[in-house]
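> Supplied in C-alpha cells, the structure appears directly below.
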Amino acid sequence: MTGATDDLRELIDIAHCVLFDFDGPVCRLFAGRSAEKVAEEQVRWLEEQGLHGLLAAGMRDEPDPYVVLRAVDRRHPRSDLVAELEARLTYEEQKAVISAWPTPYADALIRTWRATGARLAVATNNAPGPVATYLTGRGLIDCFAPHIYGRTQNLRLLKPDPYCVKRALAAMGADPSRTLMIGDAASDYLAARDAGVHFVGYARNDRKMRVLREIGAELIVPSLKPLLDTLKGET
C-alpha cells in the first residue's frame, strides 16, 4: 500500500461523507463483456452511419467507450448523434450489470461504513440507472439512495470535471474537508481535488497504480481490505 496506515486512519476518522466511484471501487462493470468490445461496437456503429470521419485514425482503435463518446461529443456537442451514442452506451452498461464482478471487500466496506453513520454517495461517469440496478441486486441500494450521481446529457460535465462530486456534496450538505472519495482513475482524483475533498486511490493492478501516482494521488491501496480493516479497528 502506498501511504501510511496512520494517514488512512486519519482520513477515515474525519470522513462524515464517503463518495464512491462505481466501476472499479464497487464492481468491475464490464467483467463479463469487455469495455473494449463495447468501444469497437460504438466505432462500428458510427461507420455504419457513414460517420467514420468523426474519429481520428487512432481513435478507431480506442478501447474505452467513454473516450469514444466524449470524442464524438467534442465534435457535435449535445447533438442527436451524441444522444443516440450515449443511449447505446447506457444500454450496454445495463446489460453488463448481470455479469459484473463485485470488487473484493466492497460490499462489506460499504455496509460497515454506513453502519458507522457515514453518509454515502456514488459519483460516477456511468449512467445512474445501471448503478441503481447493480446496487439493488447486491442489497446495497439503501446504503446510497437517493445519492447516486451519474452521467447526464451534458457530457462535458463528466469527470474529471467535478460536477458529479459537487452535486453529491450539495445534496448531502457535506463539508468537503470531511468528505472522502474512493476512485480508481486519474479523472476521479482530479474531480476530487477540484471539489476540495480527500481522495484514496484504489489500484487493482500496476497500470492503475502507475496512473494514479503520476497524476498526483498520494494514498493508494491495491485492495479495499486495508480500508475495511482500518474502519473496523483491526489495524
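The values are calculated or read from the model by the stated rules, or taken from the named source; none is laboratory data. The structure presented is a predicted model; accordingly, all values stated were derived computationally and were not measured. Glycine also receives a Cβ, built like all others from the backbone with ideal geometry; neighbour counts cover every protein chain displayed.
> Restricting attention to region 152-167, report how many residues are surrounded by fewer than 24 Cβ atoms within 10 Å (Cβ to Cβ) and either in a helix (DSSP H, G or I) or in contact (Cβ under 8 Å) with a residue 40 or more places away in the chain (or both).
9
> Ok, one more. Sort out which residues of region 119-138 are more than 20 Å from C17 (Cα to Cα) and not basic (K, R), and write them in order of number. Before the answer, list the steps.
If we filter region 119-138 for residues that are more than 20 Å from C17 (Cα to Cα), which is where we start, we get 126-127, 129-130, 133-134, 136-138.
N126, A127, G129, P130, T133, Y134, T136, G137, listed by residue number.
> Let me ask you something else. With respect to G58, determine if the residue is at pLDDT below 85 and outside any loop (DSSP other than H, G, I, E, B). Even if it seems obvious, please write down each step before you answer.
Values: at pLDDT below 85: yes; outside any loop (DSSP other than H, G, I, E, B): yes.
Yes: the conditions hold for G58.
> Still on this structure, please answer the following. Could you look through region 1-54, keep only residues that are at pLDDT 95 or above and aromatic (F, W, Y), and pick out the one that is surrounded by the most Cβ atoms within 10 Å (Cβ to Cβ)?
F20
> Name the residue, out of G201, G196, that is assigned by TED's automatic domain parsing to the domain that holds C17, over 22 Å from P104 (Cβ atoms) and of a type outside the set (D, E).
Residue meeting the stated conditions: G196.
> I've got another one for you. Which one of these does I110 not meet: (1) over 19 Å from G24 (Cβ atoms); (2) modelled with pLDDT of 95 or more?
(1)
> Specify which of the listed residues (R88, R114, R74) is of a type in the set (K, R), assigned by TED's automatic domain parsing to the domain that holds H16, assigned to a helix (DSSP H, G or I) and surrounded by fewer than 17 Cβ atoms within 10 Å (Cβ to Cβ).
Details: R88 fails: assigned by TED's automatic domain parsing to the domain that holds H16; R74 fails: assigned by TED's automatic domain parsing to the domain that holds H16.
Going through R88, R114, R74 in turn, just one is of a type in the set (K, R), assigned by TED's automatic domain parsing to the domain that holds H16, assigned to a helix (DSSP H, G or I) and surrounded by fewer than 17 Cβ atoms within 10 Å (Cβ to Cβ): R114.
> While we're on this one: Filter region 66-89 down to the residues that are farther than 11 Å from V38 by Cβ and either of a type in the set (G, A, S) or under 18 Å from the mean Cα position of the chain (by Cα) (or both) and list them by number.
V67, R70, A71, S79, A83, E86, A87
> Continuing with this model, one more query. Within region 181-207, track down each residue that is in contact with a Gly (Cβ under 8 Å, 6 or more places away or on another chain), farther than 16 Å from P160 by Cα and outside any loop (DSSP other than H, G, I, E, B).
The one that is in contact with a Gly (Cβ under 8 Å, 6 or more places away or on another chain), farther than 16 Å from P160 by Cα and outside any loop (DSSP other than H, G, I, E, B): Y202.
> Any idea which of (1) touching a residue at least 12 places away in the same chain (Cβ under 8 Å); (2) more than 20 Å from L8 (Cα to Cα) is the one G173 doesn't satisfy?
(1)
> With respect to D206, is the statement that it is surrounded by fewer than 20 Cβ atoms within 10 Å (Cβ to Cβ), free of Cβ contacts under 8 Å to residues at least 24 places away in the same chain and assigned by TED's automatic domain parsing to the domain that holds D161 true?
Details: surrounded by fewer than 20 Cβ atoms within 10 Å (Cβ to Cβ): yes; free of Cβ contacts under 8 Å to residues at least 24 places away in the same chain: yes; assigned by TED's automatic domain parsing to the domain that holds D161: yes.
So D206 passes the test.
> Working only within region 5-41, note down all residues that are basic (K, R) and in contact (Cβ under 8 Å) with a residue 24 or more places away in the chain. If you could, list the steps in order and put the result at the bottom.
First, pick out the residues of region 5-41 that are basic (K, R): 9, 28, 33, 37.
R9, R28, R33 - these are the residues of region 5-41 that are basic (K, R) and in contact (Cβ under 8 Å) with a residue 24 or more places away in the chain.
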